[in-house]
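First up is the structure itself, then whatever we jot down about it.
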C-alpha cells in the first residue's frame, strides 16, 4: 500500500483538530432596553390619536348638514362613526395615561375644589350618551358639598371612567345613580375625615370574583369584564389613591352594583 503524502497527513491532522475544538457559542441577542419598550406604545398611540380625531371631526361636521340632506341610514352610520372614533380616542388617552403612570411621570396639581361640582360637570358631559342608550342617570348629590384638595381635571377623569363603566354594563331601561356615601371607616365616636361618593347601577350583576379584580388592568374576563380591558377602572383607582382616597366595589341590595370611593377632606 502506497505511503500517504505529507500534505494528506497534514490535512488529516488539521481535520481532527477542528473536530475536537468546541464550536463557539452563538452570542445571545442583546435585550431591548426597557425604556425603549416602554416608549414604543406611547409613540404609536400618539400617531393614531391625530387621524382618529380628524375622522371624528369630519363625521361631526357631516352630521350637522342641513336637514334632509342625509338619509336616516346615513345619519345612523355617521353617528356610529362618531361614537366609535370617540371611544378609540378615549382608549388611546387611557393608554397614554397608563404609560405615564408606569413610568412615574404623571403629576397631579392639587388645589382646593368642590368635588360635587366636578361630578356634575362629568354628569352633564355624559348625559347625551345615557339618553341615546335609554339609561336613566340620576343626580342625588346635595346642592352644597365640602372642599377637598384635588387635581380637578384628574378628578373629573375618575367620574368619567366610573360613569362610562356603569353605562357600558347597564341595559336600556336601567338606572345609574350618583350619591354621597358614608365612609365605612367612620362612626359616631370618630369625626368624619373623608368624603364618600357612590355610583350605583342596575346593570350586569357583579360576581364575588369581580370584587377583587375589577380595578386591575388586563384582568381576566368576568361577568363585568366581558369585552373590556379594565384600563378605565384601573386609572380611576390609581387617581383616587393618588388623592389619598380608597375605592372598592360592592354588591348592593337587590340587583344594585356599587362603586364607592373616598376623598380626604381639606
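Is it true that residue 226 is in the same structural domain as residue 122 (by TED's automatic domain parsing) and modelled with pLDDT under 85? So residue 226 passes the test.
Given (1) surrounded by fewer than 14 Cβ atoms within 10 Å (Cβ to Cβ); (2) in a loop (DSSP other than H, G, I, E, B); (3) at pLDDT 85 or above, where does residue 220 come up short, assuming only one miss? Just one mismatch for residue 220, condition (3). Taking the range 128-177 as the range and being assigned to a strand (DSSP E or B) and over 15 Å from residue 263 (Cα atoms) as the test, the residues that pass are 136, 137, 138, 139, 175, 176, 177.
Scanning the range 146-178 for residues that are surrounded by fewer than 20 Cβ atoms within 10 Å (Cβ to Cβ) and either over 18 Å from residue 113 (Cβ atoms) or assigned by TED's automatic domain parsing to the domain that holds residue 97 (or both) yields 164, 167, 168, 171, 172, 173, 174, 175, 177. Regarding residue 181, is this residue at pLDDT below 95, within 14 Å of residue 123 (Cβ to Cβ) and surrounded by 13 or more Cβ atoms within 10 Å (Cβ to Cβ)? The answer is no for residue 181. Regarding the range 91-113, can at least one residue be identified that is modelled with pLDDT of 90 or more, in contact with a helix residue (DSSP H, G or I) (Cβ under 9 Å, 6 or more places away or on another chain), over 12 Å from residue 157 (Cα atoms) and surrounded by 15 or more Cβ atoms within 10 Å (Cβ to Cβ)? Checking the range 91-113: at least one residue is modelled with pLDDT of 90 or more, in contact with a helix residue (DSSP H, G or I) (Cβ under 9 Å, 6 or more places away or on another chain), over 12 Å from residue 157 (Cα atoms) and surrounded by 15 or more Cβ atoms within 10 Å (Cβ to Cβ). In the set 117, 93, only one residue is closer than 20 Å to residue 231 by Cα and either part of a helix (DSSP H, G or I) or not assigned by TED's automatic domain parsing to the domain that holds residue 57 (or both); that residue is 93.
The values are calculated or read from the model by the stated rules, or taken from the named source; none is laboratory data. Model, not experiment: these values are computed from the prediction. FYI the Cβ positions are ideal-geometry reconstructions off the backbone, even for glycines, and counts take in every protein chain you see.
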